[in-house]
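To start, the structure under review is shown below, and the notes come after it.
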Amino acid sequence: MTVTHHVRVHASSENLAREDQLAWKIAEVAADQVEVEQPVVDMIVNRIIDNAAVAAASLARAPIVAARAQAFSHPVSAGGVGANLFGTPLDRRTSPEWAAWANGVAVRELDYHDTFLAAEYSHPGDNIPPILAVAQHTGKDGRALVRGIATGYEIQMDLVRAICLHKHKIDHVAHLGPSAAAGIGTLLGLDVETIYQAVGQALHTTTATRQSRKGEISTWKAHAPAFAGKMAVEAVDRAMRGQTSPAPIYEGEDGVIAWMLDGKDAAYEAQGPRPLGC
């Protein structure tokens, strides 16, 4: 069942409850224990294959070479077995945030993977590298991976339908940071509070201008979504350690909507699935 969330800017004196914040609503969806239906599973498998294929086509290009060199400069982090990079030996691994970075650059360099256009632009397949990297590092099974990717797609597409970024010259990866963080939260089976903090941190650290897609096009065009995925991994890691985020990140009087999007009088209608527990 779909539910509509009315999202507007609130003064700090209004003390908007966490449960009424968009980041919390995103976290509730991510923490929901709903199973993924088989047709969706099949499409997610197709998207994973699609990502790997477009990544393989770009492995010799300079941004990917640089990103992979950076990734392999970092050892596997504690608490897991590390993650693979596309096209490298399976026994050569790096930490999940750096795998998300390198694989994210490879996936986006040619812009050949899936696209979703609504109020905003997006490539929902950008969610796959960070979620996959964390799945590999933590030894999660295919069911958990599929559920995580389903959440990443759902949240990004819900945000893309509701909130336009490009008319304010904000890069579309500002929707990717929260969606990837939410997807990782689903993958790891995290609680609503932890995912909420991760979503807020991911949004706060991935909001940038669209100049990377205008004027003199640099290699950062491919790096931008990979950076968002990397920040999502790090945001989840911090949230799992009890660290908190700016809040309300969307609705606050000095938040994203008030100062980066439609302003203090703005209002959005964001639709998404109703979690089973609500």
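If the Cβ limit is 7 Å and pairs must be 6+ apart or interchain, which residue in the range 216-230 that is assigned to a helix (DSSP H, G or I) pairs with which residue that is surrounded by 22 or more Cβ atoms within 10 Å (Cβ to Cβ) and among the acidic types (D, E)?
So the pair list comes out as A222/E109; A224/D171; P225/D126; G229/D126; K230/E97.
Considering only the range 176-235, how many residues are among the aromatic types (F, W, Y) and buried (at least 20 other Cβ atoms within 10 Å of the Cβ)?
Looking only at that region, the number is 2.
Checking S77 against (1) part of a loop (DSSP other than H, G, I, E, B); (2) touching a helix residue (DSSP H, G or I) at 6+ places or on another chain (Cβ under 8 Å); (3) loosely packed, with under 15 Cβ neighbours inside 10 Å; (4) not charged (D, E, K, R), which test does it fail?
Here S77 meets the rest and fails (3).
Answer with yes or no whether D111 is surrounded by 15 or more Cβ atoms within 10 Å (Cβ to Cβ) and either under 21 Å from the mean Cα position of the chain (by Cα) or assigned to a helix (DSSP H, G or I) (or both).
no
Check off (1) at positive phi; (2) at pLDDT 95 or above; (3) not basic (K, R) for A106 and give me the number that stays unchecked.
In the conditions (1) at positive phi; (2) at pLDDT 95 or above; (3) not basic (K, R), A106 misses (1) alone.
Being in a helix (DSSP H, G or I) and closer than 19 Å to R108 by Cα, is that true of even one residue in the range 192-200?
No, there is no match, as no residue in the range 192-200 is in a helix (DSSP H, G or I) and closer than 19 Å to R108 by Cα.
Return the residue satisfying two criteria in turn: it lies in the range 19-43 and is assigned to a helix (DSSP H, G or I) and of a type outside the set (A, V, I, L, M), and of such residues it is surrounded by the most Cβ atoms within 10 Å (Cβ to Cβ).
Taking the candidates together, the pick is K25.
Evaluate the following for I257: is it of a type in the set (A, V, I, L, M, F, W, C), surrounded by 21 or more Cβ atoms within 10 Å (Cβ to Cβ), touching a residue at least 40 places away in the same chain (Cβ under 8 Å) and more than 27 Å from A100 (Cα to Cα)?
Considered against the rule, which asks whether it is of a type in the set (A, V, I, L, M, F, W, C), surrounded by 21 or more Cβ atoms within 10 Å (Cβ to Cβ), touching a residue at least 40 places away in the same chain (Cβ under 8 Å) and more than 27 Å from A100 (Cα to Cα), I257 comes out as yes.
Go through (1) among the β-branched types (V, I, T); (2) at pLDDT 95 or above; (3) under 22 Å from F116 (Cβ atoms) one by one and return the number of the condition T209 breaks.
Tallying (1) among the β-branched types (V, I, T); (2) at pLDDT 95 or above; (3) under 22 Å from F116 (Cβ atoms), T209 fails exactly one: (2).
Quick one: S218 ticks every box in (1) modelled with pLDDT under 95; (2) of a type outside the set (F, W, Y); (3) closer than 24 Å to A118 by Cβ bar one, so which box is it?
So S218 meets the others, but not (3).
May I ask you to list the residues in the range 227-278 that are under 15 Å from G183 (Cα atoms) and of a type in the set (A, V, I, L, M)?
Of everything in the range 227-278, those that are under 15 Å from G183 (Cα atoms) and of a type in the set (A, V, I, L, M) turn out to be A228, M231, A232, V233, A235, V236, A239, M240.
Out of the range 135-158, which residues are farther than 28 Å from T2 by Cβ and in a helix (DSSP H, G or I)?
Q136, H137, T138
Quick one: in the range 191-204, which of the residues that are β-branched (V, I, T) and touching a Ser or Thr at 6+ places or on another chain (Cβ under 9 Å) is nearest to H223 (Cα to Cα)?
This residue is V199.
Restricting attention to the range 236-253, which residues are within 13 Å of T207 (Cβ to Cβ) and surrounded by fewer than 18 Cβ atoms within 10 Å (Cβ to Cβ)?
P246
Pairs please, first residue from the range 1-25 and more than 21 Å from D191 (Cβ to Cβ), second anywhere and surrounded by 13 or more Cβ atoms within 10 Å (Cβ to Cβ) and among the aromatic types (F, W, Y), Cβ atoms under 8 Å, 6+ apart in sequence or on different chains.
From the range 1-25, the pairs are H6/Y268; V7/Y250; V7/Y268; R8/Y268.
Of the conditions (1) touching a residue at least 12 places away in the same chain (Cβ under 8 Å); (2) over 26 Å from V199 (Cα atoms); (3) loosely packed, with under 14 Cβ neighbours inside 10 Å, A69 clears all except one; give me its number.
(1)
The values are calculated or read from the model by the stated rules, or taken from the named source; none is laboratory data. No experiment lies behind these values; they were computed from the predicted model shown. Don't worry about glycine lacking a Cβ; one is built from the backbone with ideal geometry, like all the others, and counts go over all protein chains shown.
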